[in-house]
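Any read-out appearing in this document is the output of simple, stated calculations on the displayed coordinates, not a laboratory observation. Because the structure is predicted, anything quoted here is derived from the model rather than measured. Here the Cβ positions follow ideal geometry from the backbone for every residue, glycine too, while neighbour counts run over all protein chains shown.
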Amino acid sequence: MTNNSKGIEMNQSKGITLTKGLVLLMSITCGLAVANLYYNQPLLADMGRTFHANSHQVGNISMFTQIGYAIGMFLFVPLGDMKERRQLITVLLGSVTISLIGVATAQNLLWIYVASLAVGITTVVPQVIIPLAAQMAGPEERGKVIGSVMSGLLFGILLARTVAGFIGGSFGWRMMYWVAAVLMLALAIILKQILPKSHPEANLTYRQVLKSIGELIVTQPTLREASLVGALLFGGFSVFWTSLAFYLEGAPYYFGSEVTGLFGLVGVVGAAAAPLVGRLADRFSPKLMVGLFILITLLSYLFFGFLGSAVWGIIVGVILLDLGVQGAQISNQTRIYSLVPEARSRLNTVFMVTYFLGGSLGSSLGSYAWNLWQWRGVCLTGGIMIVLGFIVWGIHQLKYKS
């Protein structure tokens, strides 16, 4: 019997079963928590006016948030393999509540940079929950369960922009962060009461856990490839979303933050497809599906570059971008969770830390490209990151054909 099956049996013996209600609770939690990372994107232009900052300076708010997320995942997500997860989740939600208040009360750029970094560090609850869902699911339904939980996370990512655009446009960008702080505090209270206790699958010290992460990177080529591909795709994703507010507030659109946020609703098509992607990953080769979704992502940038002056071109591009990036992420996570079952939190740490380092790089490059070359520079920068992702994927397929 594997360590993983022992861990599942131990959980079930304690009354933990993977019901539809529990999956739904995990999905909602992931969506509300991850939204903290994306509220700033449609509000960047408004924040820039508050702090009298240019597009590159204010774009660093997104960059620091994503860097913080990578740091938080490295520090806290591995604890999911050695600590009781409910308590860990509750502590993290309390911490992010304080961090969000820090953003809401920021008085200058340095303040909001530090507070945004703190928001990223403490907004890692989804990456504690996803390995838990994978642990509790049977092998035959793991892709479906991951897809269901991920659909909540993806809805959170997309709707965060819409909600932030509406609240920011109506009541000012600070109000969005006050609302987010209240939501996180409420989640902490609810999950403390409802989320069942979990039991760690690995009997390791924190130092051993961190050391084993390096060993996983060295010994698992699929983990390295999936992580690097994910970083490049999410980098291309962040290039677009960091720059969109600046593009839409000028010619030919002249849209405010409310309208910019509505483009997040368009990506719901991709989020709605997440459970289907998970089922397909259970039935077909996830690694081949990654290649397909990379090509879909690249197609989105062709729409942005050649048809971005028309609203419908942006809309089609957003649908393809979200579907491609999210589909590749679900397929990659399905692949890596099967590598070393007792180390799922650590595998997820490597994948997601690399993923969000790529996102932070994309945020910085996106605002920099906009500052220098406007929209065509943004499209070229994002497109290059996607092409590099396809090259990494292709090299891995040639080297590891099995």
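Note down the relative contact order for the chain as a percent, whole number, built from C-alpha pairs under 8 angstrom at least six residues apart. Let's see the in-between values first.
On the way: 744 pairs, mean separation 108.0, N = 402.
After rounding, I find 27 percent.
Distance cut-off 19 Å, Cα to Cα: go down the list 211/399; 144/197; 144/287; 83/197; 83/192 and report the pairs above it. Could you put the intermediate results ahead of the total?
Working: 211/399 27 Å; 144/197 23 Å; 144/287 16 Å; 83/197 10 Å; 83/192 15 Å.
As for pairs spanning more than 19 Å Cα to Cα, those are 211/399; 144/197.
What nm distance separates the two modelled labels at residue 192 and residue 98, each placed 7 Å from Cα along Cα→Cβ?
The modelled label-to-label distance comes out at 1.4 nm.
Per 10 Å bin, what is the whole-percent P(r) computed from every C-alpha pair distance within the range 74-226?
10, 30, 35, 19, 5, 0
Give me the mean projected area, in nm² to one decimal, of the convex hull enclosing the Cα positions of the range 214-373.
Values: hull surface 39.1 nm².
It is 9.8 nm².
Quick check on packing: order 108-119, 181-192, 360-371 by the mean number of other C-beta atoms within 10 Å, highest mean leading. Write down the numbers at each step before the final one.
On the way: 108-119: 19.8, 181-192: 17.3, 360-371: 24.4.
Ranked by mean Cβ neighbours within 10 Å, highest first: 360-371, 108-119, 181-192.
Can you give the charge dipole size of the range 15-399 about its Cα centre, rounded to the nearest 20 debye, using +1 on the beta carbon of Lys and Arg and -1 on the beta carbon of Asp and Glu?
Numbers: 22 positive and 13 negative charges, 105 e Å.
Once rounded to the nearest 20, the dipole reads 500 debye.
Place +1 on the Cβ of every Lys and Arg and -1 on the Cβ of every Asp and Glu in the chain, take the dipole about the Cα centre, and give the residue among 190, 154, 310 whose Cα lies farthest towards its positive end.
It is 190, whose Cα lies furthest towards the positive end.
So how much slack lies between residue 205 and residue 269, counting 0.36 nm per residue of separation and subtracting their Cα-Cα distance, in nm?
Values: separation 64, 0.36 × 64 = 23.04 nm, distance 4.23 nm.
Extending this stretch completely gives an extra 18.8 nm.
If one takes the longest principal axis of the Cα atoms in the chain, at what angle in degrees, from 0 to 90 and to the nearest 10, does the Cα axis of helix 286-307 lie?
The angle comes out near 10 degrees.
Given the C-alpha centroids of the range 57-111 and the range 210-236, what is the distance between them in whole angstrom?
Using only Cα atoms, the two centres lie 22 Å from each other.
Using the beta-carbon distance between residue 218 and residue 384 and R0 = 25 Å, what value does 1/(1 + (r/R0)^6) give for FRET efficiency, to the nearest 0.05? Intermediate results must be reported in sequence, preceding the final value.
Working: r = 29 Å, r/R0 = 1.14.
So the FRET efficiency works out to roughly 0.30.
Where Rh is the Kirkwood radius over the Cα pairs of the range 64-133, the temperature 37 °C and the viscosity 0.692 mPa s, what D in µm²/s does Stokes-Einstein return?
On the way: Rh = 12.2 Å.
Here the translational diffusion coefficient equals 270 µm²/s.
Using 7 Å Cα-to-Cβ label points, what is the residue 307/residue 105 separation (nm, one decimal)?
4.8 nm
Between residue 398 and residue 251, what is the spin-label point distance in nm, taking each point 7 Å from the Cα along the Cα→C-beta axis?
Taking the simple label geometry, residue 398 and residue 251 are separated by 4.5 nm.
Which one is right for this structure if Cα Rg over 2.2 N^0.38 Å is calculated from it: (1) 0.93; (2) 1.07; (3) 0.99?
Recomputing Cα Rg over 2.2 N^0.38 Å here gives the entry labelled (1).
Which one, 132, 38, 234, is farthest towards the positive end of the dipole of the chain when Lys and Arg carry +1 and Asp and Glu -1 on their Cβ?
Projecting each Cα onto the dipole axis, the largest value belongs to 132.
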